[in-house]
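As structure tokens, the structure follows; a few thoughts come after it.
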Amino acid sequence: MSLLIKRVLLNNERVDVLIEKNTFKTISSEINISVDQVIDGSHFAILPAFYNMHTHSAMTLMRGYADDLELHSWLKDHIWPLENKLTEEHVYHGARLAALEMIKSGTVFINDMYFFPYGTAKAVDELGMRADIAPVLVDGMDASRADEMIAYAQEAIDHSVDYSSRVRFAVSPHAIYTVSQETLIRSAELAGKNNLPYQIHLSETETEVKNSLKDFGLRPVQYLDSLGILTSNVTLAHCVHLNNVDRRILKDRDVTIAHCPASNMKLGSGNFDYVRAKTTGIKMVVATDGACSNNNLSLLEEMKFASLREKAYSRDATVLPAQEVFDMATVHAAKAAGLNAGKIKEGMLADCLLVNLEHPTLVPSGHLISNMVYSANPECIDTVICDGNILMKDRKVNNEDEIIKGANEAYRDLIKK
């Protein structure tokens, strides 16, 4: 497959962009060769696509369910009981809805942890996205179930061959308050042995920190570090409550924090101190979390929330400027996922967006990145390309109506159970 985008705006210059197979082959002022498809880019700018480093895709089926509750009550009294009724079919339809929503808002990759991972893998593979997908490991703090948990994770890893190269299975224990020390350690060893990502929720609430000190004698970051788990393949979701010792450990261990500002605010989890994390030198990306605690999956909105929340919290309007947060959703996130992507550059993976420069939220067009962060909405994104393939053009994704119908039917079936 070869695709030529003609006269598209890149870094304030009109260029031609040639995509061959799944990479940017040539970027030049003019390219005249025979290709499979040509796109007129004269009304568009080309930008990197987005990479969502922490989400639970199928929770789209719970959008609006049990809103306005504190995290631990929200989980124990509402979400977990409903999740006990889930089937793989529910997860498949919920994940398809999530993939549709994310493609239409410019996201081409997810780092997903949830139940019935094959349903999620099938959904995102069908829609052409990239994904690291992990069966969420929850042993109820029962170390005797460690063998069961590791076998579950290993089985998923073995099934990676059943999907395209865009999809792989990773390792994700849920949290230190739902997973035993034995499973935490052995799952980290499994990820390391297979050179796979390892993701876990950590230091999300003050309650988690207090319980960690009571149960383990250590704060959450220091507890995981004492187990030898924190390495460069680890992504920690949230990390709202950190002290200086925690931050230094995260920097020294080269881990990545997936900052989820909308979810943190909605659940009242607290204020992530971005400035101190940045000053310490910790790697950070921005992510949406699940649609049940956000309640959408738009990284456009997440970038804006991240920047504005930090400006308000620090009382410093210069903190987390547009380009910096845009990089957290693109090149930094792609690097954290181990992808040679996140930039429009020859030799890199062909993941990109064509944005309509005549969309009202992008006019005037002299400050594109600032407009994308502070004023844009998904409607300005005309075309989404992932791995050299067009996933959306003219804001249309294949089978949209059928995907929405399937999700509504799955929701009704789940709620009546």
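Within the range 130-148, the presence of at least one residue that is surrounded by fewer than 20 Cβ atoms within 10 Å (Cβ to Cβ) and on the phi > 0 side of the Ramachandran plot is confirmed. The sole residue among Ile403, Ile415, Ile385 that is of a type in the set (Val, Ile, Thr) and in a strand (DSSP E or B) is Ile385. Contact annotation: residue pairs with Cβ atoms under 7 Å, 6 or more positions apart or on different chains, pairing a residue in the range 81-98 that is closer than 13 Å to Pro117 by Cβ with a partner that is surrounded by 15 or more Cβ atoms within 10 Å (Cβ to Cβ) and of a type in the set (Val, Ile, Thr), are Val91/Thr120; Gly94/Thr60; Ala95/Thr120; Ala95/Val124.
Would you say Asp16 is surrounded by fewer than 20 Cβ atoms within 10 Å (Cβ to Cβ) and either touching a helix residue (DSSP H, G or I) at 6+ places or on another chain (Cβ under 9 Å) or outside the structural domain of Val285 (by TED's automatic domain parsing) (or both)? Taking the combined requirement at face value, the residue does not satisfy it. Within the range 367-383, being surrounded by 19 or more Cβ atoms within 10 Å (Cβ to Cβ), of a type in the set (A, V, I, L, M, F, W, C) and touching a residue at least 40 places away in the same chain (Cβ under 8 Å) holds for Leu368, Met372, Val373, Ala376, Ile381.
Counting only strands (runs of 3 or more DSSP E) that sit wholly inside the range 250-360, those with at least 1 residues that are in contact with a Cys (Cβ under 6 Å, 6 or more places away or on another chain) and buried (at least 22 other Cβ atoms within 10 Å of the Cβ) are 256-259, 352-356.
Do we have Arg186 as charged (D, E, K, R) and in a strand (DSSP E or B) here?
No.
Just one of the numbered conditions (1) more than 30 Å from Lys345 (Cα to Cα); (2) among the polar types (S, T, N, Q); (3) in a strand (DSSP E or B) is not true of Asn408: (3).
Taking the range 257-299 on its own, how many of its residues are of a type in the set (Ser, Thr, Tyr), farther than 25 Å from His72 by Cβ and touching a residue at least 24 places away in the same chain (Cβ under 8 Å)? Counting residues in the range 257-299 that are of a type in the set (Ser, Thr, Tyr), farther than 25 Å from His72 by Cβ and touching a residue at least 24 places away in the same chain (Cβ under 8 Å) gives 2. Being closer than 17 Å to Glu189 by Cα and touching a Pro at 6+ places or on another chain (Cβ under 7 Å) is a property that holds for Ala156.
What number of residues in the range 281-318 are at positive phi and of a type in the set (D, E, K, R)? Residues meeting the conditions: 2. Just one of the numbered conditions (1) closer than 24 Å to Arg412 by Cβ; (2) in contact with a helix residue (DSSP H, G or I) (Cβ under 8 Å, 6 or more places away or on another chain); (3) surrounded by 18 or more Cβ atoms within 10 Å (Cβ to Cβ) is not true of Tyr65: (3).
Condition check: farther than 13 Å from Leu47 by Cβ, among the acidic types (Asp, Glu) and in contact (Cβ under 8 Å) with a residue 12 or more places away in the chain. Does Asp387 satisfy that? Yes: the conditions hold for Asp387. If you check Ala291, Ala322, Ala306, Ala312 for being assigned by TED's automatic domain parsing to the domain that holds Thr235, of a type outside the set (Lys, Arg) and within 17 Å of Cys239 (Cβ to Cβ), only one passes: Ala306. For beta carbons closer than 7 Å, sequence separation of 6+ or different chains, a first residue in the range 335-360 that is free of Cβ contacts under 8 Å to residues at least 12 places away in the same chain and a second that is aliphatic (A, V, I, L, M), the qualifying pairs are Asn340/Met348; Asn340/Leu349.
Report, by residue number, each residue of the range 9-37 that is β-branched (Val, Ile, Thr) and closer than 26 Å to Leu368 by Cα. Within the range 9-37, Val15, Val17, Ile19, Thr23, Thr26, Ile27, Ile31 meet the criteria.
Of all residues in the range 361-382, exactly one satisfies the criterion of being assigned to a strand (DSSP E or B) and within 20 Å of the chain's Cα centre (by Cα), namely Ile381. Restricting the range 191-247 to residues that are part of a loop (DSSP other than H, G, I, E, B) and of a type in the set (A, V, I, L, M, F, W, C) leaves a set whose member that is surrounded by the most Cβ atoms within 10 Å (Cβ to Cβ) is Cys239. For Val179, the test of being part of a helix (DSSP H, G or I), surrounded by 24 or more Cβ atoms within 10 Å (Cβ to Cβ), β-branched (Val, Ile, Thr) and not assigned by TED's automatic domain parsing to the domain that holds Glu379 is failed.
Within the range 108-123, is even one residue farther than 30 Å from Pro364 by Cα, surrounded by fewer than 22 Cβ atoms within 10 Å (Cβ to Cβ), at pLDDT 95 or above and of a type in the set (S, T, N, Q)? Checked the range 108-123: no residue is farther than 30 Å from Pro364 by Cα, surrounded by fewer than 22 Cβ atoms within 10 Å (Cβ to Cβ), at pLDDT 95 or above and of a type in the set (S, T, N, Q). Among the strands (runs of 3 or more DSSP E) confined wholly to the range 1-55, which include 3 or more residues that are closer than 30 Å to Ser293 by Cα? In the range 1-55, the matching strands (runs of 3 or more DSSP E) lie at 50-55. Put simply, of Ser203, Ser187, Ser172, Ser160 the only residue that is in the same structural domain as Ser73 (by TED's automatic domain parsing), without any contact (Cβ under 8 Å) to a residue 24 or more places away in the chain, within 24 Å of Ala336 (Cβ to Cβ) and in contact with a strand residue (DSSP E or B) (Cβ under 8 Å, 6 or more places away or on another chain) is Ser160.
The values are calculated or read from the model by the stated rules, or taken from the named source; none is laboratory data. Computed from a predicted structure; not experimentally measured. Neighbour counts are summed over all protein chains in view; Cβ atoms, including those assigned to glycine, are modelled from backbone coordinates with ideal geometry.
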